[in-house]
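Each remark here refers to the structure printed beneath this line.
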Amino acid sequence: MRKPICCILFLFVCTFMQAQKPVPVIFDTDMGPDYDDVGAITLLHAFADSGKARILATIASTNYEGVAAVLNVLNTYFKKPGIPIGVPKSNARNLRDWQHWSDTLRANYPHTIKNNSDVPDATEVYRKILSKQPDNSVTIITVGFFTNISSLLKSPPDQYSKLDGKALVYKKVKQLVSMAGKYPSGTEFNIEEDKV
């Protein structure tokens, strides 16, 4: 677990240190099976506070009940409660923490989002946010499953964009930074859990 976290931290630093203006970021996480993503989102908020990142959305790639509230707790704690949150409404892993740390966060810290039903579908959030961004500008950081990326790429045109998912990503996304080990050689938890 330590090696992948060190690698993602290195990629975070490289991405943000090169930027002259805040990097627009969509953060996609499986917030739940382990608490490593709490460290990743903490770093992202620190980059935002220092002017190196602009958090466009925090999106869950798992849909256990309460994951939207956990993201809202963390965004609220870091004084950014208005960051859009999305949760996959179907075809997602329902994998949560066995230690119940997420229950502790929801019970002890302020948040306005109580249930996953309070937020839109992850793909809708992706499409809405991406459609409003300059071309070739957004960095997607995924430290969870690729469920949402797969759904986004397969998405049809909608009220946010006349482009299908592949075309929208091609037009708006500058880079995808992922915690995915040495794929395709070897194994990595996020890929093994949800082979989209």
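The values are calculated or read from the model by the stated rules, or taken from the named source; none is laboratory data. Everything quoted here is computed from the prediction, not taken from an experiment. Neighbour counts are summed over all protein chains in view; Cβ atoms, including those assigned to glycine, are modelled from backbone coordinates with ideal geometry.
Could you say whether any residue in region 104-115 is within 19 Å of T147 (Cβ to Cβ) and out of contact with any Ser or Thr (no Cβ under 7 Å at 6 or more places or on another chain)? The answer is no; no qualifying residue exists.
Residues in region 151-180 that are touching a residue at least 12 places away in the same chain (Cβ under 8 Å) and out of contact with any helix residue (DSSP H, G or I) (no Cβ under 9 Å at 6 or more places or on another chain): K174 only.
Annotation for region 159-181: at least one member residue is at pLDDT 95 or above, surrounded by 18 or more Cβ atoms within 10 Å (Cβ to Cβ), among the polar types (S, T, N, Q) and farther than 23 Å from D30 by Cα. Quick test for you: out of V25, V87, V73, V67, pick the one residue that is over 24 Å from Q133 (Cα atoms), surrounded by 21 or more Cβ atoms within 10 Å (Cβ to Cβ) and modelled with pLDDT of 95 or more. Checking each option against the conditions leaves just V73. When region 90-100 is filtered for residues that are exposed (fewer than 15 other Cβ atoms within 10 Å of the Cβ) and at negative phi, the ones remaining, listed by number, are S90, N94, W98, Q99. For region 132-164, the set of residues classified as of a type outside the set (S, T, N, Q), in contact with a Ser or Thr (Cβ under 6 Å, 6 or more places away or on another chain) and not in a helix (DSSP H, G or I) consists of V143, G144, F145, Y160, listed by residue number. Filtering T123, T142 for residues that are at pLDDT below 95 and either more than 11 Å from A57 (Cβ to Cβ) or touching an Asp or Glu at 6+ places or on another chain (Cβ under 7 Å) (or both) leaves a single hit, T142. One residue stands out in region 122-151 among those that are more than 13 Å from the chain's Cα centre (by Cα) and crowded, with 20+ Cβ neighbours inside 10 Å: the one that is nearest to I26 (Cα to Cα), namely L130. Would you be able to say whether some residue in region 103-118 is closer than 23 Å to A53 by Cβ and either basic (K, R) or in contact with a Cys (Cβ under 7 Å, 6 or more places away or on another chain) (or both)? No, there is no match, as no residue in region 103-118 is closer than 23 Å to A53 by Cβ and either basic (K, R) or in contact with a Cys (Cβ under 7 Å, 6 or more places away or on another chain) (or both).
Looking across region 39-69, the residues that are of a type in the set (V, I, T), over 22 Å from K172 (Cα atoms) and in contact (Cβ under 8 Å) with a residue 40 or more places away in the chain come down to T62, V67. Evaluation of T147 against the conditions (1) hydroxyl-bearing (S, T, Y); (2) in contact with a Pro (Cβ under 6 Å, 6 or more places away or on another chain); (3) modelled with pLDDT of 95 or more shows that the sole unmet condition is (3).
Among the residues of region 165-172, some residue qualifies, meaning at least one is assigned to a helix (DSSP H, G or I), over 17 Å from the mean Cα position of the chain (by Cα) and among the hydrophobic types (A, V, I, L, M, F, W, C).
Of note, D121 satisfies the criterion of being of a type in the set (D, E), under 24 Å from V73 (Cβ atoms) and in contact with a Pro (Cβ under 9 Å, 6 or more places away or on another chain).
Hey, does region 78-96 have a residue that's among the β-branched types (V, I, T), in a loop (DSSP other than H, G, I, E, B) and within 15 Å of the chain's Cα centre (by Cα)? For region 78-96, residues among the β-branched types (V, I, T), in a loop (DSSP other than H, G, I, E, B) and within 15 Å of the chain's Cα centre (by Cα): present.
Residues in region 28-59 that are in contact with a helix residue (DSSP H, G or I) (Cβ under 9 Å, 6 or more places away or on another chain), modelled with pLDDT under 95 and of a type in the set (D, E): D30, D34, D36.
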